[in-house]
Structure formats: structure tokens, C-alpha cells
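To start, the structure under review is shown below, and the notes come after it.
The values are calculated or read from the model by the stated rules, or taken from the named source; none is laboratory data. Quantities reported herein were computed from a predicted structural model and do not represent experimental measurements. Glycine also receives a Cβ, built like all others from the backbone with ideal geometry; neighbour counts cover every protein chain displayed.
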Amino acid sequence: MKYRWIIGLSGLFLLGFWLTTIGVEAGEKPVTPGTIAKEARETIDATAQYTAQQKEAFQRKAQEELEAIQKQMAALQGKADKASASARTELQKSIHELEVKKEAVKQQLDGLKSATDAKWDEMRAGVHSAIEEMNQSFQRLRSKLP
């Protein structure tokens, strides 16, 4: 029993030695603290670049959504101007509320540009929900039109 344990341990040692020599013989560079640090820096840089791309894509999409809503609001303003006096007053009030929400979304978008990575996810969620709320308000306003 004692010899089996020694033979097994010797076998593991030889296997480890053999695997190490195969890696070196295959032309692989030995792993050093410097190569690990270099690969870690490259990974961090790639992650930062990916995060920046994701931020830009979200900001661009949010800005496009905001611009689309602005165009639709301008069209609604024209329809509201043609509505009856009582309907026009209510529509103008709703349009004004949408304008206030639109300005809040613009400010949030501006804040996203300077947000740290730690705050960015939280702010992104806020912008997303504000745009959704604005879309819902717009749809409610649109349904009031004759």
C-alpha cells in the first residue's frame, strides 16, 4: 500500500514535469509576472474600450429616441392648434408637461457623458425609464387628439 502511494506520487510528478517540458518545447514562453501583468493590462484596456463603446451606443440611441419624440411633439402641436378652444387648452398643458420631461431627459443625457463607470449603470437606467415615461405620456396625449 505504501509503495502504491509513492508510485502514484512519482507518476504525478513525472506527468507534471512532462507537461512543463512540452509547453517549453512547443515554443511557448514561460509565464512570468511581467507577462501576467501585461495580459491583465490588455484585458483592462479592452474592457474599458468596450464599455466606452457601449456608453456611446446607448447615448446615441437615447438621443435618436428623444429627437423622434421631439418631431412627433411638433406635429402634435400643429394638431393642437387646430383643435377646439377647450381641447386646445388641455392639449397645450399636456404638451408643456412633455416639454418639461424632454428637458429633464436632455439633462440626464448630458449627465451620462461625464458619469463614472460606477454611476453610469444607475444613470443609464434613469435615462431609459425617463424616455419610457415620456413615450407613455406622448401616447396618452396622442390618444386625446380628435
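Suppose we filter D117, D121, D45, D81 for residues that are of a type in the set (D, E, K, R) and touching a Ser or Thr at 6+ places or on another chain (Cβ under 7 Å); which single one remains? None of the others qualify; the one that does is D117.
Screening K71, K101 for residues that are exposed (fewer than 12 other Cβ atoms within 10 Å of the Cβ), of a type in the set (D, E, K, R), under 15 Å from F138 (Cβ atoms) and modelled with pLDDT of 85 or more leaves exactly one candidate, K71. Scanning segment 31-77 for residues that are outside any helix (DSSP H, G or I) and under 15 Å from the mean Cα position of the chain (by Cα) yields a total of 0. Criterion applied to A85, A118 was being under 28 Å from T47 (Cα atoms), without any contact (Cβ under 8 Å) to a residue 60 or more places away in the chain and loosely packed, with under 15 Cβ neighbours inside 10 Å, and the one residue passing it is A118.
Considering A85, A80, the condition of being among the hydrophobic types (A, V, I, L, M, F, W, C), at pLDDT 80 or above and more than 27 Å from H128 (Cα to Cα) is satisfied by A85 alone.
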